[in-house]
Amino acid sequence: MKPGTEKLVEPGDELPPLTIPITRTLIVAGAVASRDYQDVHHDAELAREKGSPDIFMNILTTNGLVGRYITDHFGPRAVLRRVAIRLGAPNHPGDTMVLTGTVTEVDGDTAHVRVVGANGLGHHVTGTVTVEVPR
């Protein structure tokens, strides 16, 4: 094989898990940073009035954490080309989310990774990330 033509990853490769403690600060800071001022992301009393046991993480924070997971693995030259996620069980303070990923397809410098983020309630996030890693 010529130098520079080797594949970076193979379909079926698993990324190492990333454990993220879900703190009140992470939830509130993520909401504020993404300009999501909905009370369910920063006011526990109002969140309870709306039926939630506590505040919960917004989708933009989750999206950022998924992106971080992929770029931490593939390195500083990695470029996220597509992030398609779906939320499930909420991330509440005091829980832990574990992100895992599996490469599903590789096409040249581009990999498709199936990502799951699970917490104590189930799957918080599922989705697919397309990442380009220039050689």
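Taking the accessible area of region 1-123, probe 1.4 Å, and keeping the other protein chains in place, the carbon and sulfur fraction comes to 53%.
Comparing Cα centroids, region 88-104 and region 8-83 end up 9 angstrom apart. Computed 3J(HN,Hα) for region 95-103, one whole-Hz value per residue from the Karplus formula 6.51 cos²θ - 1.76 cosθ + 1.60 where θ = phi - 60°, is 8, 10, 10, 10, 8, 10, x, 9, 6, glycine and proline marked x. Quick one: net charge of Leu46's neighbours, Cβ under 12 Å, K/R +1, D/E -1? Within the 12 Å Cβ shell, the charges total -3. In the chain, the longest principal axis of the Cα atoms and the axis of helix 59-74 are about 30 degrees apart.
Between Val98 and Thr23, the modelled label-to-label distance comes to 2.2 nm, taking each label 7 Å out from Cα in the direction of the beta carbon.
Helix 24-33 and the longest principal axis of the C-alpha atoms of the chain enclose an angle of approximately 70°. Size check on the chain: the Cα extents along the three principal axes, sorted descending, read 62, 26, 20 Å.
A straight chain from Arg86 to Leu121 at 0.36 nm per residue would run longer than the Cα-Cα distance by 11.1 nm.
Counting only Cβ charges, +1 for Lys and Arg and -1 for Asp and Glu, the dipole size of the chain around its Cα centre is about 280 debye.
The values are calculated or read from the model by the stated rules, or taken from the named source; none is laboratory data. Quick caveat, the model's predicted, so the values are computed rather than measured. Glycine also receives a Cβ, built like all others from the backbone with ideal geometry; neighbour counts cover every protein chain displayed. Heavy atoms of the whole protein, side chains included, go into the accessibility calculation; ligands, DNA and RNA do not. Shrake-Rupley method; radii C 1.70, N 1.55, O 1.52, S 1.80 Å.
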